[in-house]
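Structure record follows, encoded as structure tokens.
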Amino acid sequence: MKVAVYGGSFDPPHVAHVLAAAYVLSMGDFARVIVVPVFRHAFEKDLTSFEHRVRMCELAFAALPVEVSRIEQRLGPPSYTLHTIERLLADHPSYEPSLVVGSDVLYESSKWHRFERLIELAPLFVLGRAGQAHPDAPAAVLPEVCSTEIRAKLRRRPPLDPGARALVPRAVLEYILQHGLYQ
């Protein structure tokens with residue numbers, strides 16, 4: 001079974017993440033998309049708690065036929081994508097995974113743990129990103145949205161920055177406000 005594995009910090013998940021999953025489902029030959037929030041970032045980025053990010057992903061992707069996976073929580077730190085793919089294949093030998101990445105990752109592949117082995121196990125499904133052109137990537141299909149900028153907008157309360165409302169799915173924004181995240 002062909003599956004698309006879409007990992008990331010998702011801190012918070014935003015409209016470009018949701019659009020990416022919808023694009024993969026409509027354009028790729030995949031039976032399912034598995035969204036994998038990173039448990040602990042390999043590059044030591046400071047992240048909102050895993051539980052909050054998983055719940056926000058569940059809310060963000062609720063309208064799409066995707067699975068939000070906690071697989072990286074079982075693996076422990078650091079979260080290397082290679083280990084995630086290996087565990088996924090061990091748990092589901094019938095899977096034929098592809099790794100969904102933005103074109104920006106093509107510039108950072110040397111930083112990834114055993115990138116060549118990773119793409120042997122899970123060939124890349126590259127999404128073009130606005131502002132992140134790469135010669136080996138398709139044209140941009142996603143709007144230029146940045147979680148760092150969204151977090152900054154969410155810190156400017158009250159009143160809530162209108163840009164945050166336009167970039168974060170409504171259910172996720174409600175969750176963020178309810179739990180006082182990014183203040």
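Any read-out appearing in this document is the output of simple, stated calculations on the displayed coordinates, not a laboratory observation. Just so it is clear, the structure is predicted and the values come from calculations on it, not from any experiment. Glycine also receives a Cβ, built like all others from the backbone with ideal geometry; neighbour counts cover every protein chain displayed.
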Point to revise | Rounded to whole Hz, the Karplus (6.51, -1.76, 1.60) HN-Hα couplings of the range 60-76, x for glycine and proline | key: 5, 9, 4, 7, 10, x, 10, 10, 9, 9, 9, 3, 6, 5, 6, 7, x
Point to revise | Rg/Rg_ref, the chain, where Rg_ref = 2.2 N^0.38 Å and atoms are Cα | key: 1.00
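Can you give the translational diffusion coefficient of the range 1-56 in µm²/s, computed by Stokes-Einstein from the Kirkwood radius over Cα pairs at 25 °C and 0.890 mPa s?
Values: Rh = 12.1 Å.
Estimated via Stokes-Einstein, D reaches 202 µm²/s.
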Exercise for review: Run through the DSSP bridge list for the chain and note the antiparallel percent, rounded to the nearest 5.
Suggested key: 0
Review point. Straight-line reach from Lys153: which lysines have Cα under 20 Å away, leaving out those fewer than 8 places along the same chain?
Key: Lys45
Review point. What is the chain's relative contact order, in percent, from Cα pairs under 8 angstrom and six or more apart in sequence?
Key: 24
Study note, to complete from the structure: Footprinting proxy, Tyr23, Tyr107: sorted fewest to most Cβ within 10 Å, the residues are Tyr107, Tyr23
Study note, to complete from the structure: Most exposed first, judged by fewest Cβ atoms within 10 angstrom, Cys57, Cys146 run Cys146, Cys57
Point to revise | Gaussian network model of the chain, Cα within-10 Å springs - most flexible of Glu72, Glu144, Glu96 | key: Glu144
**Study point:** Under 5 Å, built H, 5+ apart or other chain: amide partners of Gly102
**Key:** Leu127
Exercise for review: Show the residues, 5+ positions off or on another chain, whose built amide H is closer than 5 Å to the amide H of Glu96.
Suggested key: Lys2, Val3
Practice item. Would you kindly derive the ³J(HN,Hα) couplings of the range 165-170 from the backbone phi angles with the Karplus curve 6.51 cos²θ - 1.76 cosθ + 1.60 (θ = phi - 60°), listing them in order in whole Hz, with x for Gly and Pro? Key: 4, 7, 10, 10, x, 3
Review point. Could you put Ile34, Ile119 in order, starting from the residue whose Cβ has the fewest other Cβ atoms within 10 Å?
Key: Ile119, Ile34
Review point. Can you list the HN-Hα couplings for the range 174-183, worked out from phi with the Karplus curve (6.51, -1.76, 1.60; θ = phi - 60°), rounded to whole Hz and with x for Gly and Pro?
Key: 4, 5, 4, 5, 4, 9, x, 7, 6, 9
Study note, to complete from the structure: Under 5 Å from the placed amide H of Leu142, counting only residues 5+ away or on other chains, we find Ala130
